[in-house]
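The values are calculated or read from the model by the stated rules, or taken from the named source; none is laboratory data. What you see is a predicted model; the values in this text were computed from it and never measured. Note that we place each Cβ from the backbone using ideal geometry, even for glycine, and neighbour counts take in every protein chain shown.
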Amino acid sequence: MKINSILIANRGEIAIRIARTAREMGIKTYMFLSHHEPNALHLDFADEVINVSDNTYINVYTNIDKLIETALEYKIDAIHPGYGFLSENPFLPRECERNNIVFIGPSSKAIDQMGNKGMARDMALKNGIPVLQGSEGVITSVEEAEETAKVIGYPIILKAVAGGGGKGMRVVRKKSELPLMFKLATNEAKSLFDNDSMLIEKYVENPRHVEFQVLADKHGNIVHLYERECSIQRKHQKLLEEAPSAALNDELRAKIGADAVKICKATNYYSAGTVEFLLDDDLNHYFMEMNTRVQVEHPITEEITGVDIIEQQIRVARGEELSLKQEDITKNGWAIELRVNAEDVQAGFAPSTGLVEQMDIPNKKYLRCDSGYQAGKVVVSSFDSLVAKLIITGKTRGDAIKNCRTVLNSTTIKGVKTTLPFFKQVMQTPSFVKGKYTTSFIETDLEQNYFQEDNELMAAAVLAMQAYLTEQENINSDDLSRKQVSPWAMSKKIKG
């Protein structure tokens with residue numbers, strides 16, 4: 001099956017990432033110019049730009065009809081959805097198949113099966129893969145939720161059946177919280193996924209979140225590319241990932257990797273995918289979900305294995321067999337990815353939009369920067385807040401952390417607030433440095449969410465002292481002035 005051209009149905013850094021590999025493979029790429037981002041950086045990496053900026057009523061990245069219509073009009077062979085948007089929507093591959101367009105991703109059936117948390121859970125159970133105790137089937141009412149919670153015991157977690165990316169999830173620690181949390185979770189799920197059905201699982205306090213990258217072809221060959229640790233999260237949203245995980249030894253790594261491959265075989269899965277697990281205090285692992293797309297954090301796996309995951313996706317879509325065997329895949333060194341988001345950490349990670357006035361990223365042999373921005377580009381509110389992914393490597397975990405500190409101290413982004421101060425603080429936190437952290441890291445391990453240099457602390461102290469002295473001076477002068485006024489006169493003045 002030939003793929004001579006690809007419509008990249010995405011934007012930002014992932015669009016650039018796909019375009020670079022496609023160009024190396026001699027494949028022509030197409031991207032959209034939308035009214036949201038008329039001067040977007042990713043457009044510079046397209047072989048041909050399709051202008052849809054006159055249509056302000058649609059988001060082209062979520063419009064299946066427009067994607068299919070465009071591919072047919074320009075005689076484009078394939079569509080790559082990247083991540084987010086339509087990447088896990090089974091209707092896109094179905095429409096691609098109907099119109100003889102190659103979808104660079106798994107089958108619609110696999111997306112259906114693994115995108116539905118209930119079906120994925122059942123698949124894991126049938127294949128002997130550990131799962132947490134939970135509901136049998138979907139939950140559609142508070143009453144059903146209360147009955148299930150009574151059986152498995154609190155705390156529990158509500159999960160949207162069609163959810164992903166941490167959306168449609170709520171932790172419930174006692175019965176009185178359940179009605180409100182159920183309403184919040186179902187409303188969010190209905191709004192985002194048009195499906196408010198819920199699953200309930202026993203909630204593991206302070207777990208570790210580990211995921212395995214898998215690759216599979218259409219001929220039944222499946223391999224994993226080892227694991228990534230994703231436990232640094234805020235509201236179930238990943239902020240930092242590393243590969244491999246400091247929590248796993250070779251025996252446990254092989255065991256969980258085998259389970260990741262097993263669930264792929266059970267669903268006749270092909271393309272790139274990620275199987276996610278939770279680890280409890282005793283390092284028992286439990287299947288959580290599978291993401292049927294390329295992940296934001298895929299570069300750290302590429303760095304430690306030397307495998308181009310986007311290239312493998314394209315080759316699988318062309319019908320090629322994997323050239324990789326499990327015994328051929330080795331991991332070398334350590335890699336950490338910092339998701340630099342346009343967010344104000346001191347304001348509770350509030351979004352920060354506007355013009356990127358300055359963006360200086362150091363040139364280091366151990367640094368790979370995947371970004372959809374540069375100075376002069378605008379961060380808009382229409383899309384996610386990811387400004388850059390800093391992928392930093394080292395021979396050991398300690399080396400990688402040391403290199404992270406160097407990169408962070410040499411990186412400057414002005415015009416929008418970013419999460420750079422947060423990562424500086426993480427790199428100084430003992431539990432992270434020791435590799436002994438969980439998903440509750442932000443709540444329990446950080447003294448504050450952002451790092452301040454000694455000179456910044458000194459300046460803050462001086463300003464605070466100056467403010468205090470000024471206040472005292474005002475109070476004293478006010479007292480002196482009041483001594484010259486009759487209390488009776490003052491009382492009349494107040495009453496008046």
- Message: From the list Asp47, Asp65, exactly one residue is more than 19 Å from Ser381 (Cβ to Cβ) and touching an Asp or Glu at 6+ places or on another chain (Cβ under 9 Å). Which is it?
- Response: Asp65
- With respect to Lys235, determine if the residue is surrounded by fewer than 24 Cβ atoms within 10 Å (Cβ to Cβ), modelled with pLDDT under 95 and out of contact with any helix residue (DSSP H, G or I) (no Cβ under 7 Å at 6 or more places or on another chain). yes
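Quick check on Leu225: is it at pLDDT 95 or above, out of contact with any Cys (no Cβ under 9 Å at 6 or more places or on another chain), assigned to a helix (DSSP H, G or I) and more than 15 Å from Thr148 (Cβ to Cβ)?
no
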- Looking across segment 31-82 at residues that are part of a loop (DSSP other than H, G, I, E, B) and charged (D, E, K, R), the single one that is modelled with the lowest pLDDT is Asp54
- In segment 83-199, which helices (runs of 4 or more DSSP H) lie fully inside it and hold 1 or more residues that are touching a residue at least 12 places away in the same chain (Cβ under 8 Å) and out of contact with any helix residue (DSSP H, G or I) (no Cβ under 9 Å at 6 or more places or on another chain)? 108-115, 117-126, 142-152, 178-193
- Note on the structure: Residue pairs qualifying under the 8 Å Cβ cut-off, at least six apart or on distinct chains, with the first in segment 328-350 being more than 30 Å from Lys395 (Cβ to Cβ) and the second being of a type in the set (Val, Ile, Thr) and buried (at least 22 other Cβ atoms within 10 Å of the Cβ), are Ala342/Val379; Ala342/Val387; Ala342/Val416; Ala342/Thr418; Glu343/Thr418; Glu343/Thr419; Val345/Thr419; Phe349/Thr419
- Task: Could you please find all residues in segment 28-66 being farther than 18 Å from Tyr373 by Cα, of a type in the set (Phe, Trp, Tyr) and in contact (Cβ under 8 Å) with a residue 24 or more places away in the chain?
- Result: Tyr30, Tyr61
- Task: Being within 25 Å of the chain's Cα centre (by Cα) and of a type in the set (Phe, Trp, Tyr) is the filter; apply it to segment 31-58 and report the residue that is nearest to Tyr74 (Cα to Cα).
- Result: Phe32
- Note on the structure: Flagged in segment 304-321 as in a loop (DSSP other than H, G, I, E, B) and more than 18 Å from Ala22 (Cα to Cα), in numbering order, are Glu321
- Residue in segment 205-223 that is surrounded by fewer than 23 Cβ atoms within 10 Å (Cβ to Cβ), out of contact with any strand residue (DSSP E or B) (no Cβ under 8 Å at 6 or more places or on another chain) and under 26 Å from Lys436 (Cβ atoms) present: yes
- Within segment 376-386, can one find any residue that is outside any loop (DSSP other than H, G, I, E, B), under 30 Å from Asp77 (Cα atoms) and either out of contact with any strand residue (DSSP E or B) (no Cβ under 7 Å at 6 or more places or on another chain) or touching a residue at least 12 places away in the same chain (Cβ under 8 Å) (or both)? yes
- Task: May I ask you to list pairs of residues, at least six apart or on different chains, whose Cβ atoms are under 7 Å apart, with the first in segment 424-448 being closer than 21 Å to Thr411 by Cβ and surrounded by fewer than 17 Cβ atoms within 10 Å (Cβ to Cβ) and the second being small (Gly, Ala, Ser) and modelled with pLDDT of 95 or more?
- Result: none
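So, of the residues in segment 93-125 that are among the aliphatic types (A, V, I, L, M) and under 22 Å from the mean Cα position of the chain (by Cα), which turns out to be nearest to Thr267 (Cα to Cα)?
Top of the filtered list is Ala110.
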- Members of segment 108-142 found to be in contact with a Phe, Trp or Tyr (Cβ under 7 Å, 6 or more places away or on another chain) and within 29 Å of Tyr74 (Cβ to Cβ), listed by number: Ala110
- Could you look through segment 333-374, keep only residues that are in a strand (DSSP E or B) and among the acidic types (Asp, Glu), and pick out the one that is surrounded by the fewest Cβ atoms within 10 Å (Cβ to Cβ)? Asp360
- With segment 389-436 as the region, which helices (runs of 4 or more DSSP H) entirely inside it contain at least 3 residues that are over 17 Å from Asn363 (Cβ atoms) and either under 21 Å from the mean Cα position of the chain (by Cα) or of a type in the set (A, V, I, L, M, F, W, C) (or both)? 420-426
- Task: Select from segment 242-260 the residues that are in contact (Cβ under 8 Å) with a residue 60 or more places away in the chain and under 18 Å from Leu215 (Cβ atoms) and write down the one among them that is surrounded by the most Cβ atoms within 10 Å (Cβ to Cβ).
- Result: Ala243
- Can we say Ile232 is of a type in the set (Val, Ile, Thr), within 23 Å of the chain's Cα centre (by Cα), at negative phi and in a strand (DSSP E or B)? yes
- Query: Hey, does segment 274-295 have a residue that's surrounded by fewer than 19 Cβ atoms within 10 Å (Cβ to Cβ), more than 22 Å from the chain's Cα centre (by Cα) and among the aliphatic types (A, V, I, L, M)?
  - Reply: yes
- Only one residue in Tyr286, Tyr269 is farther than 24 Å from Ile391 by Cβ, in a strand (DSSP E or B), modelled with pLDDT of 95 or more and of a type outside the set (S, T, N, Q). Which one? Tyr286
- Item | Number of positions in segment 200-222 that are part of a strand (DSSP E or B) and closer than 30 Å to Thr444 by Cβ | 9
